[in-house]
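**Q** This is the structure I want to talk about, given as structure tokens.
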Amino acid sequence: MNDREKFLFDLNGFLVLENVLTCDEVTAANDAIAHHADLITNREPGLSQDAEKLKGGEGRGEFQQNPLTFEHPWCDPFRRMFTHPRVIDVFNEVLGPGFRLDHGPGLIRMHHGTEGHRLHGGMTFDPSQYHRFSHGQMQAGLCVAAWQLTHVHHGDGGFACIPGSHKANYRPAMEVLRLEQDWGCVHQVVAGAGSVVFFNEALVHGTLPWIPKDRERHSILFKFSPGYLSWGTPHLECPIADPTPEEEVLYQPPRRPGRTELQGSDA
Ligand SMILES: O=C(O)CCC(=O)C(=O)O
């Protein structure tokens, strides 16, 4: 992580790294999603909590199987994302060496008219998702690497947040979280296909309804915790049939880190 990336992640609670995947890698991932369309189920609508500006005709689509366990070659694009040097680099800095996959990867598929997700996160101290700065170092709980497989332009919808809210001291009104009042602080994040949006779950964030009619939103979310912490139910074992040593390290249950860590990269 360079100085600019550290500054922006600490300041805003999220960071967009563009062009991490090549066009071919984006195409391969979208092809793998299309090939497994039968494994995608729409959630029951409800994440919008009936907020007028977030409501939609259907719930978002999600994979019913972990894409890391697809047969080759369909798992390959997701396994490349899982242990990508940029992800390892960012989370070695933000979560510390020994960080682990907490849950995911999950797909968010949205069509025109898919409902949004009311803004959530932050606002009270939650020991599993937090941000602090101590000893010259950012420290965080649950954080996300959200791979963008579709271009997201200004006005398209999708991921939105209140920048800096991971360290805010006051709660925004519920009307702000439901987009019923505009306090000028909610920001829709623009990101190209092939980019990664890193964010801290302590950030106030959510999803705006997807507007484009010409393309589906595809985002793959991996959620990581510091090595000593679990937000979800810890994994008992790595579900990948032929895991690499790096994948096995990321699938370790919570423990005091120190012995099995992944090296970062300057990529
Ligand atoms: O990417 C999005 O639409 C938001 C996802 C989200 O709210 C979450 O993962 O907690």
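**Q** Is it true that some residue in segment 211-218 is within 15 Å of the ligand (Cβ to nearest atom), of a type in the set (A, V, I, L, M, F, W, C) and either in contact (Cβ under 8 Å) with a residue 40 or more places away in the chain or out of contact with any Ser or Thr (no Cβ under 9 Å at 6 or more places or on another chain) (or both)? If you could, list the steps in order and put the result at the bottom.
**A** Within segment 211-218, the first condition is being within 15 Å of the ligand (Cβ to nearest atom), and the residues that meet it are 211-212, 216-218.
Adding the requirement that they be of a type in the set (A, V, I, L, M, F, W, C) leaves 211.
After this cut, where a residue has to be either in contact (Cβ under 8 Å) with a residue 40 or more places away in the chain or out of contact with any Ser or Thr (no Cβ under 9 Å at 6 or more places or on another chain) (or both) as well, the list is 211.
So far as segment 211-218 goes, yes, one or more of its residues are within 15 Å of the ligand (Cβ to nearest atom), of a type in the set (A, V, I, L, M, F, W, C) and either in contact (Cβ under 8 Å) with a residue 40 or more places away in the chain or out of contact with any Ser or Thr (no Cβ under 9 Å at 6 or more places or on another chain) (or both).
**Q** If you don't mind, there's one more thing I want to ask. Restricting to segment 92-109, give me the number of residues that are among the β-branched types (Val, Ile, Thr) and away from the ligand (no atom under 11 Å from the Cβ). Can you show your working first?
**A** Within segment 92-109, the first condition is being among the β-branched types (Val, Ile, Thr), and the residues that meet it are 94, 108.
Checking the rest, the ones that are also away from the ligand (no atom under 11 Å from the Cβ) come to 94.
So the answer is 1.
**Q** When both residues are 6+ apart or on different chains and their Cβ atoms are under 6 Å apart, which pairs have a first residue that lies in segment 134-147 and is under 17 Å from GLU62 (Cα atoms) and of a type outside the set (A, V, I, L, M), and a second that is at pLDDT 95 or above and within 13 Å of the ligand (Cβ to nearest atom)?
**A** That search, which allows pairs on different chains as well, returns TRP147/VAL196; TRP147/ILE220.
**Q** Taking the options PRO163, PRO243, PRO234, name whichever one is in a loop (DSSP other than H, G, I, E, B) and more than 20 Å from the chain's Cα centre (by Cα). Show your work before the answer.
**A** Details: PRO163 fails: more than 20 Å from the chain's Cα centre (by Cα); PRO234 fails: more than 20 Å from the chain's Cα centre (by Cα).
After ruling out the rest, the residue left standing is PRO243.
**Q** Just the residues that are modelled with pLDDT of 95 or more and either aliphatic (A, V, I, L, M) or not in a loop (DSSP other than H, G, I, E, B) (or both), please, taken from segment 250-267.
**A** Of everything in segment 250-267, just one residue is modelled with pLDDT of 95 or more and either aliphatic (A, V, I, L, M) or not in a loop (DSSP other than H, G, I, E, B) (or both), namely LEU250.
**Q** Do we find that LEU149 is over 30 Å from ASP214 (Cα atoms) and either of a type in the set (A, V, I, L, M) or more than 15 Å from the ligand (Cβ to nearest atom) (or both) in this structure?
**A** Working: over 30 Å from ASP214 (Cα atoms): no; either of a type in the set (A, V, I, L, M) or more than 15 Å from the ligand (Cβ to nearest atom) (or both): yes.
The answer is no for LEU149.
**Q** Residues being under 27 Å from ALA32 (Cα atoms), surrounded by 21 or more Cβ atoms within 10 Å (Cβ to Cβ) and more than 9 Å from the ligand (Cβ to nearest atom): count how many of those fall in segment 110-141.
**A** We begin by selecting, within segment 110-141, every residue under 27 Å from ALA32 (Cα atoms); these are 110-117.
Next, from what is left, pick out any that are surrounded by 21 or more Cβ atoms within 10 Å (Cβ to Cβ): 110, 114-117.
Add one more test, that the residue is more than 9 Å from the ligand (Cβ to nearest atom), and what stays is 114-115.
The qualifying residues number 2.
Okay, residues lined up against (1) aliphatic (A, V, I, L, M); (2) modelled with pLDDT of 95 or more; (3) within 19 Å of the chain's Cα centre (by Cα):
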| residue | (1), (2), (3) |
| --- | --- |
| GLY13 | no, yes, yes |
| LEU54 | yes, yes, no |
| GLY57 | no, no, no |
| PRO67 | no, yes, yes |
| TRP74 | no, yes, no |
| ARG80 | no, yes, yes |
| GLU93 | no, yes, yes |
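Here's the yes/no breakdown for (1) assigned to a helix (DSSP H, G or I); (2) touching a Pro at 6+ places or on another chain (Cβ under 9 Å); (3) crowded, with 19+ Cβ neighbours inside 10 Å:
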residue	(1), (2), (3)
GLN49	no, no, no
LYS53	no, yes, no
HIS72	no, no, no
PHE78	yes, yes, yes
VAL87	yes, no, yes
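The values are calculated or read from the model by the stated rules, or taken from the named source; none is laboratory data. These numbers were taken from a predicted model, which means no experiment stands behind them. We place every Cβ from the backbone using ideal geometry, glycine too, and count neighbours over all the protein chains shown.
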